[in-house]
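What follows is a set of notes on a single structure, which appears directly below.
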Amino acid sequence: AIGDRKALMKEKVGASMGTLGKIAKGEMEYDAAAVLASFTTMREAAGNFGDLFPEDSKEGGETTASPKIWEDMDGFKAPLAQFEGDLDAAITAAPADKDSFMAAFGPVAGNCKACHETYRVLKN
């Protein structure tokens, strides 16, 4: 489970967020198809992400998952549901320009940041 969630986060969510971040920062031209594909990829990854934290995956595999996840699994899954909802809204909005993209991107990026701050342990 640790390997699966790390791969999903890196290859799907991280790669998609990289594209979206470049667009948000103006490092990449706005591309509506790339935005929609990135939001869709992230939404697909989020769908079962909460299931990748079984009790036996608290430690090992160089995990950066915080023990807080297992102490309050419902609390952990609530922001995941919010993330899914914000991604659904972003996909439905299908931003056609950078301004509408930024409106959809803000909540999605905020979810990532909040979850990482609460449920991820930074390794030195």
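The values are calculated or read from the model by the stated rules, or taken from the named source; none is laboratory data. Here the structure is a predicted model, which means the values were calculated and not measured. Don't worry about glycine lacking a Cβ; one is built from the backbone with ideal geometry, like all the others, and counts go over all protein chains shown. Note: areas computed on protein heavy atoms with side chains; ligands, DNA, RNA excluded. Shrake-Rupley method; radii C 1.70, N 1.55, O 1.52, S 1.80 Å.
Brief remarks follow.
- A cut-off under 13 angstrom between Cβ atoms defines the neighbours of residue 54, and their net charge, with Lys, Arg +1 and Asp, Glu -1, is -3.
- Between residue 78 and residue 62, the contour length at 0.36 nm per residue exceeds the Cα-Cα span by 3.3 nm.
- Violating pairs (Cα-Cα greater than 28 angstrom) within the set 12/58; 58/98; 25/113: 58/98
- Measuring only protein heavy atoms, the 1.4 Å probe finds residue 19 accessible over about 40 Å².
- Placing +1 on the Cβ of every Lys and Arg and -1 on the Cβ of every Asp and Glu, with nothing else charged, gives the chain a dipole about its Cα centre of roughly 320 debye.
- The portion of the accessible surface of the chain made up by carbon and sulfur, rounded to a whole percent, is 52 (1.4 Å probe; DNA, RNA and ligands excluded).
- Taking the C-alpha atoms only, the angle from helix 98-119 to the longest principal axis of the chain is near 10 degrees.
- Solvent-accessible surface of protein heavy atoms, probed at 1.4 angstrom with all chains present, puts 42, 102 in the order 102, 42, largest first.
- Scalar couplings 3J(HN,Hα) for the stretch 30-39, obtained by applying the Karplus form with A = 6.51, B = -1.76, C = 1.60 to θ = phi - 60°, are 5, 9, 4, 5, 5, 5, 4, 5, 5, 4 Hz; x denotes Gly and Pro.
- The HN-Hα couplings worked out from phi for the stretch 17-23 by the Karplus form 6.51 cos²θ - 1.76 cosθ + 1.60 (θ = phi - 60°) are 5, x, 4, 4, x, 5, 5 Hz, whole numbers, x standing for Gly and Pro.
- Each Cα pair under 8 Å and six or more residues apart adds its separation to the average, and for the chain the resulting relative contact order is 31 percent.
- Scanning residues 5 or more positions from residue 66 or on other chains, those with amide H under 5 Å from its amide H are 120, 121, with H placed 1.01 Å from N in the peptide plane.
- Residues of the chain: accessible area per residue with a 1.4 Å probe, Å²: 57
- Residue 74 accessible area, assembled protein chains, probe 1.4 Å, Å²: 130
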